[in-house]
Amino acid sequence: MDQKEITGAMAIHTLNQDSPPVGAPTLDQGELDKYLRLLSETRDSREALGYVERAVELAPTDLRVRKWLHGTLIALTDRDPFIEYLTESEGMYVVAFRNSRPVVIPKDRGKIEVSPPVSRTEGERIIHLLRWSVLGLIPAGLGAILFLPIVYLRALMVLTAPSLPNRESRLAIVALYLSSFLALVGAIISGLLLLHWIG
Amino acid sequence: MLNHLVYISAIWLVLAFSLALLFGTRLRWGNFFFSVFYFLVILGLGDLIALTLFFAPLDLIGASAVAFWLGIPLILVLRNWNAFGQALFIFSLFATVIYLVYAGLITAFSPLSPIAFVFSYLLLLLEFCSLSLALTYAFEVLDVMCRIRWNRIPPSVKSASHLPMVSLHVPAYNEPPELVEQTLRALAKLDYPRYEVLLVDNNTPESTWKPLVKICQELGFKCLHLDHWPGYKSGALNFALTMTDPQAEIVGVVDADYVVEPDFLKATVPYFVEDPKLAFVQCPQDYRNENLNRFFQSMYDTYKYFFCLSMPARNERNAIIFCGTMGLLRKRVLQEIGGWDEWCITEDAEASLRILNRGYTSLYINRTFGRGLMPLNFEALKKQRFRWAFGGVQIIKKHWGKLMPWAHLVDPNNRMTPAQRYFYLVAGIQWFNELFTFAFTVMVIISALVTMAGQTGLLRPTSEALVILVIVLIGSNLVRALWGLRYAMHLTWTRAYYALILWFSLTWVVALACVQAITRTRGVFLRTPKSETKFAWLHALQITGWETFLAVLCVLSGLGAALRLPSILSLALFGICCSQAIIYFSAPSESVMSATGAGGTRVVQPDRGVIGEVVSENRLGIQLGIAVIAFLIGAFFAALWPAPNQTPWWSNYSPQPVIVPQQLPPGIVPQQPQPPPKNPPGQQKKQGAIDPFSPLVFVTGLPLGTSTHARWISINMLAPSNTQLARKTSVIHEFMRMEST
């Protein structure tokens, strides 16, 4: 493992601790001011990078820190704009400049809804199940009828579950109505199919 | 009575459409009473014409009353349209509903075998989807062409006291340095006090991006090269957000091939100052290589159509999409929504949905501020359209829950209005139009092959009234598409026609994209068939091999059916097959046309944005082909299922009379044709009666070509042999005899 990889692994370890652990000390304003002072005094962009990383660890949302971070990154990329992607987490990038160690850069945006979702709530799963009811209309509505009891059972389980968020109950109710409607349509079509079968 | 409803709805639609075509874009005022009066005039005229064709005054009065009471609420809802547009939309809706009800009754109550019923039902489902889409296109077109009142025109710009800092992001992937230099030098001439430019190049070879560093240094811009960077364009733009000046309040995206006007920022940024809720502003995408030849002109016209018709309609409801270039966003809003979605390959439209979901506003300024380059050939256009369609379906997959009518009930934080949800939902679903067209083509081919085999057990009965309505609906949708194109860009009829043909030529690739988007979880890009030739025209044909194959298959199957069982009816089937072939033949013709713009030698255009998983068109075509063959084999076996050997009691509910295409079961001797009963003088023939010797027509799949080519399907096939015609004649007379008793 070369130095970049070792430092990268440490950076990834840092990434996995985006939020400060319980019982972490509060912001050391003196420490932050120290790094900000060092940033204003240094003329070496690589040295500045080290200081600004420390400042970001202490106060990632501080406006002054953000300004210094931006200025340092721009200075680093001024002559050589090469930035290599190493990895990222929800809140951080880990990148490397040319011939540099990995650098952790906080993302400047909120969280985004992941797609496809890693996990769904029970209500969302029931709504997702409705796509089979819709597709079940294709084989003469039989699929919609078949999925009706499945959706009903799961929706009732959600509705009778204690202390679930309102959203889950609303999703379950919507699923009940929709699957009933789809099953009704399916029943009409299947009934017609039966008529044609009997002749 | 239902037969008369079908006829009268066709007559009303023809009347309303003809008058709208003549005067619809000229009348720029309206009021409720005039609209009602005009509506009554159409109703009355239509009734008069219908009376001369079939004397059924009671039916006509009933139909007119129903149409009137259904039309009044719609006139109130569409109060920003003139009377011509209102009437046309109402009668289009009426005709569509009548058609679906009629076809539904035929499907439900005609004496079919169970399998034939299932096939007929599938066809009805396809018709329902296609006709619904056709109505959405009609709405979109009429909303602009017949509008008398615009409520969201951007006011004239006042000079703002405070002009916020703007950060312009220029994403680039493997672009020629000369092209990017042109863009950067144009940006350097922007007449605006505070702005920065971030050129974000990702995953490009060093020899390509290195020259840009010097140019950026010269112009005082920032340059970033992102190496091994995931997430396509959105990944690059997300990192650019991190590198944006903290003082910047507005972020703009300008594609690397866009030459921008100097007043772009000065004309657009003040809107953000005036309205704190304004989240993004979009200007039209325009192009500067549109006059090379007819292909480029058509491409230009189809692009412009969206910005001249669709976007103004959407802007009225605060439902525009962000188009990925020539647009500005408020930085804190972009940060609030989490930046660009790297999962979706049309991250721009997806971001605008999330922004509107939070209750922000948007604005479309219909003035060109920059011109880029269109794809240089048909191959590049195919790939681009595949991406757009794939991304459009991805957006629906991810956000369909936010767009449903009950979305606000489930999630009160969903701030989208019903109109916004409608436009975004329809925008995603409209991509499936091409898939429906392809499905219809498959059914036409199966019908022809089944007819060649002499089996007609699968085919749905038809009637003359239905066929006429089909022709009217198809014709009106086609002409409306041309009308929209002409009006939007002031084109000649010829040029509008060519634009329509270009839309048709992309049917196959969009259908592929829809299937892939439904079945895959991550984005893919299309690789067209490989070609080593240096001759442009040969390469052009090779990359449209699948479309050519489909077209030839349509022609051959129709020809086979016509030769196997020659008659007027099989010739009509051949005509339908040819109409489908036209759609697919347009692809090689456009491809060759695009090649002539580059002279004789093939131009290799770098694939923009193709840095992810790539899927081969050949492989997709083979997969789809296997599915179609399986369906065809199933259809052949299903066609062997015998039809009922006696008329069941519930067939009385079928609209009468219909022509049943199934062969008579063995053992039933066809009766000699009886002369039709003579009507008393002064009376027209009985309602719905069909002269069995009248030319029977069935229309399917003539391309509708609405604003973005909705098609709908009505497959009513008749087995065309002379012997079977005689048998059917006897069946018709049997029905007529039953009816008279």
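The values are calculated or read from the model by the stated rules, or taken from the named source; none is laboratory data. Just so it is clear, the structure is predicted and the values come from calculations on it, not from any experiment. Note that each Cβ is placed from the backbone with ideal geometry, even for glycine, and that neighbours are counted across all protein chains shown.
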(message) Consider the range A:87-134. How many of its residues are over 12 Å from the mean Cα position of the chain (by Cα), over 27 Å from B:Gln247 (Cα atoms) and not in a strand (DSSP E or B)?
(response) 19
(message) For the range B:119-128, give me each residue that is farther than 20 Å from B:Ser92 by Cα, in contact (Cβ under 8 Å) with a residue 40 or more places away in the chain and within 11 Å of another protein chain (Cβ to nearest Cβ).
(response) B:Phe119, B:Ser120
(request) Test B:Gly71 against the stated conditions and say whether it is out of contact with any Asp or Glu (no Cβ under 9 Å at 6 or more places or on another chain), closer than 21 Å to B:Gly475 by Cβ, free of Cβ contacts under 8 Å to residues at least 60 places away in the same chain and crowded, with 23+ Cβ neighbours inside 10 Å. (result) no
(request) Could you figure out which of (1) at pLDDT below 95; (2) over 29 Å from the mean Cα position of the chain (by Cα); (3) assigned to a helix (DSSP H, G or I) isn't true of B:Leu131? (result) (2)
(message) Which condition from (1) at pLDDT below 80; (2) within 34 Å of the chain's Cα centre (by Cα) is the one that B:Trp649 breaks?
(response) (2)
(request) Please give the number of the condition B:Ala389 fails out of (1) crowded, with 19+ Cβ neighbours inside 10 Å; (2) within 14 Å of chain A (Cβ to nearest Cβ). (result) (2)
(request) Looking for whichever is at pLDDT 95 or above, under 27 Å from B:Gly428 (Cβ atoms) and within 14 Å of chain A (Cβ to nearest Cβ) here; the options are B:Val251, B:Val281. Which one fits? (result) B:Val251
(request) Name the one entry in B:Phe296, B:Phe239, B:Phe272 that is of a type outside the set (Gly, Ala, Ser), farther than 22 Å from B:Ala427 by Cβ, more than 14 Å from chain A (Cβ to nearest Cβ) and over 31 Å from the mean Cα position of the chain (by Cα). (result) B:Phe272
(request) Look through the range B:317-354, keep the residues that are touching a Lys or Arg at 6+ places or on another chain (Cβ under 9 Å) and β-branched (Val, Ile, Thr), and return whichever of them is farthest from B:Thr183 (Cα to Cα). (result) B:Ile337
(request) State all residues of the range A:95-119 that are over 26 Å from B:Leu224 (Cβ atoms) and within 11 Å of chain B (Cβ to nearest Cβ); if no residue qualifies, say none. (result) A:Glu113, A:Ser115, A:Pro116, A:Pro117
(request) Name, by its number, the condition in (1) buried (at least 22 other Cβ atoms within 10 Å of the Cβ); (2) within 19 Å of the chain's Cα centre (by Cα); (3) within 14 Å of chain A (Cβ to nearest Cβ) that does not hold for B:Lys397. (result) (1)
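Going by the conditions given, is B:Leu353 closer than 28 Å to B:Arg294 by Cβ, touching a helix residue (DSSP H, G or I) at 6+ places or on another chain (Cβ under 6 Å) and in a helix (DSSP H, G or I)? Walk me through it before giving the result.
Values: closer than 28 Å to B:Arg294 by Cβ: no; touching a helix residue (DSSP H, G or I) at 6+ places or on another chain (Cβ under 6 Å): yes; in a helix (DSSP H, G or I): yes.
Here the answer is no, as B:Leu353 does not meet what is asked.
Step by step: first the residues of the range B:628-642, then only those that are part of a helix (DSSP H, G or I) and surrounded by 12 or more Cβ atoms within 10 Å (Cβ to Cβ), then the one that is nearest to the chain's Cα centre (by Cα). Which residue is that? Show your work before the answer.
To start, the set of residues in the range B:628-642 that are part of a helix (DSSP H, G or I) comprises B:628-639.
Restricting the remaining residues to those that are surrounded by 12 or more Cβ atoms within 10 Å (Cβ to Cβ) gives B:628, B:631-632, B:634-636, B:638-639.
Values: B:Val628: 23, B:Phe631: 25, B:Leu632: 26, B:Gly634: 30, B:Ala635: 28, B:Phe636: 31, B:Ala638: 32, B:Ala639: 32 Å.
My answer is B:Val628.
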(message) Show the residue pairs meeting these rules: Cβ distance below 8 Å; 6+ apart or different chains; first residue within the range B:129-154 and more than 20 Å from B:Phe436 (Cα to Cα); second residue part of a strand (DSSP E or B).
(response) B:Leu142/B:Trp81; B:Asp143/B:Trp81; B:Cys146/B:Trp81; B:Arg147/B:Trp81; B:Ile148/B:Trp81; B:Arg152/B:Leu363; B:Pro154/B:Leu363; B:Pro154/B:Tyr364
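Quick check, is B:Phe280 in contact (Cβ under 8 Å) with a residue 60 or more places away in the chain, of a type in the set (A, V, I, L, M, F, W, C) and out of contact with any helix residue (DSSP H, G or I) (no Cβ under 8 Å at 6 or more places or on another chain)? Outline the logic, then answer.
Details: in contact (Cβ under 8 Å) with a residue 60 or more places away in the chain: yes; of a type in the set (A, V, I, L, M, F, W, C): yes; out of contact with any helix residue (DSSP H, G or I) (no Cβ under 8 Å at 6 or more places or on another chain): no.
So B:Phe280 does not fit the description; no.
Just wondering, is there one or more residues in the range A:161-172 that are assigned to a helix (DSSP H, G or I), more than 23 Å from the chain's Cα centre (by Cα), under 30 Å from B:Val333 (Cα atoms) and within 12 Å of chain B (Cβ to nearest Cβ)? Break it down into steps so the answer makes sense when it comes.
Kept after step one, since they are assigned to a helix (DSSP H, G or I), are these residues of the range A:161-172: A:166-172.
Remaining after also requiring more than 23 Å from the chain's Cα centre (by Cα): A:169-170, A:172.
Okay, now just the ones that are also under 30 Å from B:Val333 (Cα atoms), so A:170.
If we keep only those that are within 12 Å of chain B (Cβ to nearest Cβ) as well, we get A:170.
Yes, there is a match, as at least one residue in the range A:161-172 is assigned to a helix (DSSP H, G or I), more than 23 Å from the chain's Cα centre (by Cα), under 30 Å from B:Val333 (Cα atoms) and within 12 Å of chain B (Cβ to nearest Cβ).
Looking at B:Gly359, B:Gly338, can you tell me which residue is within 14 Å of chain A (Cβ to nearest Cβ), over 25 Å from the mean Cα position of the chain (by Cα) and part of a loop (DSSP other than H, G, I, E, B)?
Only one candidate qualifies: B:Gly338.
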(request) Considering each residue of the range B:89-117, count those that are aliphatic (A, V, I, L, M) and within 10 Å of chain A (Cβ to nearest Cβ), and give that number. (result) 4
(request) Could you check, for the range B:500-513, whether at least one of its residues is over 20 Å from B:Leu449 (Cβ atoms), within 14 Å of chain A (Cβ to nearest Cβ), within 25 Å of the chain's Cα centre (by Cα) and in a helix (DSSP H, G or I)? (result) no
(request) Restrict the check to the range A:135-143 and report whether at least one residue is buried (at least 17 other Cβ atoms within 10 Å of the Cβ), closer than 19 Å to B:Leu403 by Cα, small (Gly, Ala, Ser) and away from every other protein chain (no Cβ under 12 Å). (result) no
(request) Could you tell me which residue of the range B:406-431 is nearest to the other protein chains (Cβ to nearest Cβ), considering only residues that are small (Gly, Ala, Ser), surrounded by 17 or more Cβ atoms within 10 Å (Cβ to Cβ) and within 18 Å of B:Leu133 (Cα to Cα)? (result) B:Gly428
(message) Any residue at all in the range B:202-214 that's surrounded by 22 or more Cβ atoms within 10 Å (Cβ to Cβ) and of a type outside the set (A, V, I, L, M, F, W, C)?
(response) yes
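Would you check which residues across the range A:150-184 are within 16 Å of A:Leu135 (Cα to Cα) and surrounded by fewer than 17 Cβ atoms within 10 Å (Cβ to Cβ) and list them?
Applying the first criterion (within 16 Å of A:Leu135 (Cα to Cα)) to the range A:150-184 yields A:150-151, A:175, A:178-184.
Of everything in the range A:150-184, those that are within 16 Å of A:Leu135 (Cα to Cα) and surrounded by fewer than 17 Cβ atoms within 10 Å (Cβ to Cβ) turn out to be A:Ile150, A:Ser180, A:Phe181, A:Leu184.
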(message) Is it the case, given these coordinates, that B:Thr441 is assigned to a helix (DSSP H, G or I) and touching a Pro at 6+ places or on another chain (Cβ under 9 Å)?
(response) no
(request) Could you tell me which residue of the range A:92-110 is nearest to B:Asp201 (Cα to Cα), considering only residues that are surrounded by fewer than 16 Cβ atoms within 10 Å (Cβ to Cβ) and touching an Asp or Glu at 6+ places or on another chain (Cβ under 6 Å)? (result) A:Arg98
